[in-house]
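S.K.: First the structure, then my questions, so here it is.
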Amino acid sequence: MSPRIPELHPGDVLTRAEFERRYAAMPNVKKAELVDGVVYMPSPVRARQHGDPHFLLAAWLGSYAAATPGVRGTTDATLRLDLDNELQPDLMLRIEGPRGTSRIDEHGYLQGPPELVVEVAASSVSYDLHQKLRVYRRSGVREYLVLRTEDAAVDWFVLRGGAYESTRVDERGSLRSSVFPGLWLDSGALLRGDAAGLLAGISLGLADPAHAAFRASLSA
């Protein structure tokens, strides 16, 4: 008789292999993460605070990926960064192929830092802006976007010289990606829950000549 596999509990300190073993034995658990060797198990998510803005951000990234061959978006997928960190970001955008910094491993999981990670957090006290931010920075995630729903704010960090710097809004009131030309975010529309405004903003970015040049470079 095989021994019973222990359950996951928030605060457990585990190796990645043991975390995966326990997680696989708990199909009722929809999200658990290993951050610097510590288990985190977020509370059930609310529609207005998480589900609705997550849906809008997925539509935003999906519009960009659809118009940019060689770029792929992913939602709620396991991300293996190292032996102490296995996360499940809300959204990711990555460059496929040899130019990209991540790949699909032999088990079907994403391994290595994607170019952009997006998380929906409640506020600035969330572990998304502390423990996870440090892991993403150390692992080489080039851009990290956090929507803080309770604070009604968007943080978009860019990795420069080993540190994250905040992206500033442009003259149109948009935030622009440094890694993905044409990926523009109307943060006001996002915070209002204005899907039409959000998609109008990304349409402007996709019409920018820099996006066309980026597409050409990927196809080459």
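S.K.: How much length would be gained if the chain were fully extended between ALA66 and HIS107, taking 0.36 nm per residue of separation minus their Cα-Cα distance, in nm to one decimal?
M.R.: 12.2 nm
S.K.: Between ALA153 and MET41, what is the spin-label point distance in nm, taking each point 7 Å from the Cα along the Cα→C-beta axis?
M.R.: 3.1
S.K.: In a Debye calculation with equal point scatterers on the alpha-carbon sites of segment 1-107 and no solvent, what is log10 I(q)/I(0) at q = 0.10, 0.18, 0.23 Å⁻¹?
M.R.: -0.37, -1.01, -1.25
S.K.: Still on this model: Please work out, to two decimal places, the log10 of the ratio I(q)/I(0) at q = 0.14, 0.15, 0.16 Å⁻¹ from a Debye calculation in which every Cα of segment 58-139 carries one identical scatterer.
M.R.: -0.47, -0.54, -0.62
S.K.: What's log10 of I(q)/I(0) for segment 142-220 at q = 0.12, 0.16, 0.19 Å⁻¹, Debye sum over Cα points only, no solvent?
M.R.: One equal scatterer on each Cα of segment 142-220 leads to -0.37, -0.64, -0.87.
S.K.: Quick check: residue separation of ARG99 and SER124 times 0.36 nm, minus the Cα distance between them. What number comes out in nm?
M.R.: Full extension from ARG99 to SER124 adds 5.7 nm.
S.K.: What number, rounded to the nearest 500 deg cm²/dmol, is the helix-based mean residue ellipticity at 222 nm of the chain, given -39500 (n - 2.57) per DSSP H run of at least four residues and division by all its residues?
M.R.: -8500 deg cm²/dmol
S.K.: Just the number, please: carbon plus sulfur as a percent of the accessible area of the chain, 1.4 Å probe, no ligands or DNA/RNA counted. Walk me through the numbers on the way to the answer.
M.R.: On the way: 5820 of 10910 Å².
Whole-percent figure for carbon plus sulfur exposure: 53.
S.K.: Further, regarding this structure: Return the percentage of antiparallel bridges among DSSP beta bridges fully within segment 83-220, rounded to the nearest 5 %.
M.R.: 75
S.K.: Then there's this: Given the chain, what whole percent of its Cα pairs are spread farther than 22 Å?
M.R.: Values: 12432 of 24090 pairs.
Tail of P(r) above 22 Å: 52 percent of Cα pairs.
S.K.: Students often get this wrong: which residues of segment 60-94 have the backbone nitrogen under 15 Å from the point 7 angstrom along Cα-to-C-beta of LEU218?
M.R.: Hits in segment 60-94 for LEU218 at 15 Å: 60-74, 92-94.
S.K.: Modelling each spin label as a point 7 Å along the Cα-to-Cβ direction, I'd like the VAL169/ARG192 distance in nm, to one decimal.
M.R.: Rounded to a tenth, the inter-label distance reads 1.2 nm.
S.K.: Suppose the chain between VAL29 and VAL179 were pulled fully straight at 0.36 nm per residue; how much longer would it get relative to their current alpha carbon spacing?
M.R.: Once the chain is fully extended between VAL29 and VAL179, it gains 50.6 nm.
S.K.: Relative contact order of the chain: what whole-number percent is it, with Cα pairs under 8 angstrom and at least 6 residues apart?
M.R.: 14
S.K.: Quick check for you: with a 1.4 Å probe and neighbouring chains kept, what is the accessible area per residue of segment 84-220, in Å²? Before the final figure, lay out each step's value.
M.R.: Working: 6110 Å² over 137 residues.
That works out to 45 Å² per residue.
S.K.: Let me ask something else about it. Tell me, how many Å apart are the Cα centres for segment 23-46 and for segment 116-186?
M.R.: Using only Cα atoms, the two centres lie 23 Å from each other.
S.K.: Count neighbours as other Cβ atoms within 10 Å of each site's Cβ, and list the GluC sites (Glu not before Pro) in segment 4-47 that are DSSP loop with at most 15 such neighbours.
M.R.: GLU7
The values are calculated or read from the model by the stated rules, or taken from the named source; none is laboratory data. Only a predicted model underlies this, so the values are computations on that prediction, with no experimental measurement involved. Virtual Cβ from ideal backbone geometry, glycine too; neighbours counted across all protein chains shown. Heads up: the accessible areas ignore ligands, DNA and RNA and are worked out on the full protein's heavy atoms, side chains in. Shrake-Rupley method; radii C 1.70, N 1.55, O 1.52, S 1.80 Å.
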